[in-house]
Every structure is written in structure tokens, then in C-alpha cells.
Amino acid sequence: MKNILVLNSSLNGENGNSNKLTNTFVEKAQESLAVKVSSVDLNAAELSHLSIEEMTSWQTTPEERTQRQQTLAAVSDNYIEQLMSADVLVLGMPMYNFGIPSVFKAWIDRVARAGITFKYTPTGPVGLLDNKKVIVLAARGGMYAGTPKDTQTQYLKDVFGFIGLDDVEFVYAEGLAMGEQSYNDAFLQANEKIIELIGNL
Ligand SMILES: Cc1cc2nc3c(=O)[nH]c(=O)nc-3n(C[C@H](O)[C@H](O)[C@H](O)COP(=O)(O)O)c2cc1C
């Protein structure tokens with residue numbers, strides 16, 4: 001049984017193109033594999049920017065935390081626990097203004113935690129998570145894959161590598177705002193690639 005954790009970040013909720021990709025992934029995975037799926041809509045969770053108050057709660061030992069600090073620390077603790085118990089992480093990844101959605105950055109800020117998901121050593125940072133597959137299902141209005149304007153791909157490889165997750169695969173549905181033909185072709189290609197990736201799980 002594989003544990004799949006799906007994280008969606010679209011402003012559009014279930015109507016998001018990236019949600020359509022994650023839904024297809026789940027549907028196809030359920031058809032061919034024994035999977036347990038947990039889904040989180042980070043946009044609906046209304047994750048705020050990381051604050052100094054929340055970070056201080058992490059740096060305070062659990063026994064010394066105030067009630068408020070316990071509540072704040074639990075946000076990051078819970079996301080890290082979810083991530084640790086997943087075998088495969090599937091990300092619905094809209095491109096907004098050339099980057100990742102700010103709500104996904106807010107999630108990254110909660111799961112990249114010194115001493116828990118990475119540590120510093122004399123030779124540099126070391127990721128502490130056991131390797132697991134990360135699959136990024138990217139939805140974009142324009143065409144940016146393979147160009148310097150795609151700031152998502154390298155950033156996501158770097159940040160997941162930093163916490164120990166080096167196996168990051170991308171599926172792109174691009175040109176979604178470039179007419180019906182382009183939209184349909186993009187989903188056709190992306191769905192094929194999704195089926196191929198599921199075959200390799
Ligand atoms: C605020 C905003 C910014 C966007 N910026 C970009 C962009 O920089 N590049 C791009 O190709 N598409 C851009 N788009 C189009 C989205 O990538 C496209 O609508 C995609 O389907 C978003 O995923 P979603 O439908 O899951 O929300 C933007 C859309 C919005 C709403």
C-alpha cells in the first residue's frame with residue numbers, strides 16, 4: 001500500500017487546472033495500485049506567511065511552550081508528519097506570476113525546519129527526510145518549460161533536495177490560456193505522462 005499525499009494550491013479550488021491534474025493522478029493511481037490518498041487544499045487552509053512568533057514556537061521546547069505556542073507549533077508539526085508518512089508527494093502546481101503560489105511557499109516555510117527536515121554540518125546542509133518521490137503537476141497559461149522564465153522547476157528541485165528529496169518529476173500542462181486546441185493538447189499530453197509515471201511507481 002502506497003501512501004500518496006496530494007497538495008493543491010490553486011486559487012480556483014476544484015475548478016483549477018492543477019486540481020484537474022491531481023484528480024486525474026489519483027483516479028489513475030487508484031485504478032492500478034493499492035493506494036491510500038490524503039489530500040490537502042492549501043488555499044482553503046488559508047496558510048498565513050510564516051511569522052517570527054510561529055518560528056519562536058518551534059525553537060521553544062515542547063514542555064516550555066505556552067498554549068498559543070503549542071497551537072502555532074502544531075501547524076508545522078502536522079504538515080511535517082503528513083509529509084514524513086507519505087511515500088509519494090503529488091503537487092498541483094499553478095504558475096502565478098512566474099512562480100509558485102504564495103500559499104505553497106507558506107507550506108515550504110513550515111516543512112523546511114532545521115533539526116527536523118534538514119541540518120547544517122561543517123560541509124554544508126544535509127536533508128533529513130527519507131527519499132520519496134515528488135511529482136509536480138504544473139498548470140500554466142503560457143509556455144515556459146525549459147526556459148529561464150520557468151522559475152518553478154529549478155526552485156522546487158532545489159528546495160526538495162535541501163530536505164533530502166532528490167527524486168522530483170515534472171508533468172507540464174502548458175499553454176492553457178492559448179486557445180481550446182492548445183488547452184486540449186496540453187491535457188492530453190499531461191495525462192499520458194501521468195499514466196507513465198504511475199506505471200513506474
Ligand atoms: C494571478 C495569476 C497569475 C498568473 N501568472 C501566470 C504566469 O506567470 N505564467 C503563466 O504561464 N500563466 C500564468 N497564469 C495562468 C495560470 O498559470 C493558469 O490559469 C493555470 O491554469 C493556473 O492553475 P490553476 O487553474 O490550477 O489555478 C496566472 C494566473 C493567475 C490567476
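In the stretch 75-85 there is at least one residue that is among the aliphatic types (A, V, I, L, M), in a helix (DSSP H, G or I) and in contact (Cβ under 8 Å) with a residue 40 or more places away in the chain.
Evaluating Glu169 against the criteria (1) touching a residue at least 40 places away in the same chain (Cβ under 8 Å); (2) within 19 Å of the chain's Cα centre (by Cα) leaves one unmet condition, (1).
If the condition is being within 8 Å of the ligand (Cβ to nearest atom), in a helix (DSSP H, G or I) and surrounded by fewer than 21 Cβ atoms within 10 Å (Cβ to Cβ), then the stretch 1-19 contributes only Asn15.
Quick check on the stretch 79-129: of everything there that is among the β-branched types (Val, Ile, Thr) and within 16 Å of the ligand (Cβ to nearest atom), which residue is surrounded by the most Cβ atoms within 10 Å (Cβ to Cβ)? First the steps, then the outcome.
From the stretch 79-129, those among the β-branched types (Val, Ile, Thr) are 80, 88, 90, 100, 103, 108, 111, 116-117, 121, 123, 126; that's our starting set.
Cutting the leftovers down to within 16 Å of the ligand (Cβ to nearest atom) gives us 90, 100, 103.
Working: Val90: 26, Ile100: 23, Val103: 22.
Across the stretch 79-129, the extreme among qualifying residues is Val90.
Among the residues of the stretch 135-146, which ones are out of contact with any Pro (no Cβ under 7 Å at 6 or more places or on another chain) and either among the β-branched types (Val, Ile, Thr) or within 11 Å of the ligand (Cβ to nearest atom) (or both)? If the condition is that a residue be out of contact with any Pro (no Cβ under 7 Å at 6 or more places or on another chain) and either among the β-branched types (Val, Ile, Thr) or within 11 Å of the ligand (Cβ to nearest atom) (or both), then Ile135, Val136, Leu137, Ala138, Arg140, Gly141, Gly142, Met143, Tyr144, Ala145 are the ones that fit.
Let me confirm something: among Lys193, Lys149, which residue is surrounded by fewer than 16 Cβ atoms within 10 Å (Cβ to Cβ) and either of a type in the set (D, E, K, R) or away from the ligand (no atom under 16 Å from the Cβ) (or both)?
Going through Lys193, Lys149 in turn, the sole match is Lys149.
Kindly check whether there is at least one residue in the stretch 101-118 that is without any contact (Cβ under 8 Å) to a residue 40 or more places away in the chain and more than 30 Å from Thr56 (Cα to Cα). No, every residue in the stretch 101-118 fails to be without any contact (Cβ under 8 Å) to a residue 40 or more places away in the chain and more than 30 Å from Thr56 (Cα to Cα). Within the stretch 20-44, the residues that satisfy the criterion of being more than 9 Å from the ligand (Cβ to nearest atom) and among the hydrophobic types (A, V, I, L, M, F, W, C) are Phe25, Val26, Ala29, Leu33, Ala34, Val35, Val37, Val40, Leu42, Ala44.
Each reported figure results from applying straightforward, stated rules to the coordinates on display, with no laboratory input. Just so it is clear, the model here is predicted, and its values are computed rather than measured. Neighbour counts are summed over all protein chains in view; Cβ atoms, including those assigned to glycine, are modelled from backbone coordinates with ideal geometry.
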